[in-house]
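Q: After the structure tokens below, expect a handful of questions from me.
The values are calculated or read from the model by the stated rules, or taken from the named source; none is laboratory data. Please read all numbers here as calculations on a predicted model, not as lab measurements. Cβ atoms come from the backbone with ideal geometry, glycine included; neighbour counts cover every protein chain shown.
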Amino acid sequence: MTGAELPPFPRPGALPYLTVADARDAIAWYAEVFDAELHGEPYVMPDDRIGHAELSIGAGTIYLADEFPDHGVVASDPDRVSVSLMIPVADTDATLERARARGATRIREPYEEYGGRNACFVDPFGHRWMLYGAARRERGTSGSTSATDDQ
């Protein structure tokens with residue numbers, strides 16, 4: 001391999017690598033809320049922290065690990081989120097309700113804009129998720145039609 005060549009990247013595009021305070025709980029939470037599937041077994045460190053786990057959510061992939069403060073890697077502060085993850089979902093309202101029932105903090109109730117039904121929440125691990133699903137009018141039911149109806 002010359003200096004100009006790179007080894008193959010394991011996934012196409014950018015990959016979010018989430019740091020959480022409890023990776024085992026996060027893996028279970030993402031499975032319950034997003035139907036995430038774990039790829040292989042998480043890499044468990046000698047001190048029992050998860051050093052790496054890989055989850056598929058729909059057509060996307062996320063990596064996650066426990067905190068490693070000695071390396072400057074700490075979980076997000078749920079009150080000060082700097083990154084949002086947008087995710088397509090089959091049913092915005094149902095996904096938001098599953099998240100809320102499992103401890104998520106709602107940021108925005110479902111609203112219709114840009115041709116879809118959107119909502120936003122922060123998960124119990126401090127990560128902000130923006131849901132994007134089919135508009136209710138496309139599914140044959142009524143619902144709010146602007147971002148300001150539910151605020």
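Q: Being in contact (Cβ under 8 Å) with a residue 24 or more places away in the chain and buried (at least 16 other Cβ atoms within 10 Å of the Cβ), is that true of even one residue in segment 39-47? Walk me through it before giving the result.
A: To start, the set of residues in segment 39-47 that are in contact (Cβ under 8 Å) with a residue 24 or more places away in the chain comprises none.
The answer is no, given that none of the residues of segment 39-47 is in contact (Cβ under 8 Å) with a residue 24 or more places away in the chain and buried (at least 16 other Cβ atoms within 10 Å of the Cβ).
Q: Among (1) exposed (fewer than 14 other Cβ atoms within 10 Å of the Cβ); (2) out of contact with any strand residue (DSSP E or B) (no Cβ under 8 Å at 6 or more places or on another chain), which single condition is Ser84 missing?
A: Tallying (1) exposed (fewer than 14 other Cβ atoms within 10 Å of the Cβ); (2) out of contact with any strand residue (DSSP E or B) (no Cβ under 8 Å at 6 or more places or on another chain), Ser84 fails exactly one: (2).
Q: Being out of contact with any Gly (no Cβ under 8 Å at 6 or more places or on another chain), at pLDDT below 90 and not assigned by TED's automatic domain parsing to the domain that holds Val33 is true for just one of Arg128, Arg106. Which residue is that? Walk me through it before giving the result.
A: On the way: Arg128 fails: at pLDDT below 90.
Among Arg128, Arg106, only Arg106 is out of contact with any Gly (no Cβ under 8 Å at 6 or more places or on another chain), at pLDDT below 90 and not assigned by TED's automatic domain parsing to the domain that holds Val33.
Q: So which strands (runs of 3 or more DSSP E) are wholly in segment 37-141 and hold at least 2 residues that are closer than 17 Å to Ala23 by Cα and among the small types (Gly, Ala, Ser)? Outline the logic, then answer.
A: Numbers: elements: 50-57, 60-66, 84-88, 105-113, 116-122, 128-134.
Of the strands (runs of 3 or more DSSP E) lying wholly inside segment 37-141, those with at least 2 residues that are closer than 17 Å to Ala23 by Cα and among the small types (Gly, Ala, Ser) span 50-57.
Q: Here's something else I'd like to know. So which of Val81, Val33, Val73 is in contact with a Ser or Thr (Cβ under 8 Å, 6 or more places away or on another chain) and closer than 16 Å to Val122 by Cβ?
A: Working: Val81 fails: in contact with a Ser or Thr (Cβ under 8 Å, 6 or more places away or on another chain); Val73 fails: closer than 16 Å to Val122 by Cβ.
None of the others qualify; the one that does is Val33.
Q: Further question on the same structure: Let me spell it out: the conditions are (1) under 15 Å from Arg24 (Cβ atoms); (2) surrounded by 13 or more Cβ atoms within 10 Å (Cβ to Cβ), and Ala99 meets all of them except one. Which number is the exception?
A: (1)
Q: When only residues in segment 38-55 that are at pLDDT 95 or above and small (Gly, Ala, Ser) count, which is farthest from Ile107 (Cα to Cα)? Full working, then the answer.
A: The first filter runs over segment 38-55 and keeps only residues at pLDDT 95 or above, leaving 38, 41-55.
Right, trim to small (Gly, Ala, Ser) and you get 51, 53.
Working: Gly51: 30, Ala53: 27 Å.
The qualifying residue farthest from Ile107 (Cα to Cα) is Gly51.
Q: Would segment 70-81 turn up any residue that is within 23 Å of Gly133 (Cβ to Cβ) and modelled with pLDDT under 95?
A: First, the residues of segment 70-81 that are within 23 Å of Gly133 (Cβ to Cβ): 81.
Imposing the further condition that a residue be modelled with pLDDT under 95 reduces the set to 81.
Among the residues of segment 70-81, at least one is within 23 Å of Gly133 (Cβ to Cβ) and modelled with pLDDT under 95, which makes the answer yes.
Q: I'm told Val33 meets every condition in (1) closer than 14 Å to Tyr17 by Cβ; (2) modelled with pLDDT of 95 or more; (3) within 12 Å of the chain's Cα centre (by Cα) except one. Can you identify the failing condition by its number?
A: (1)
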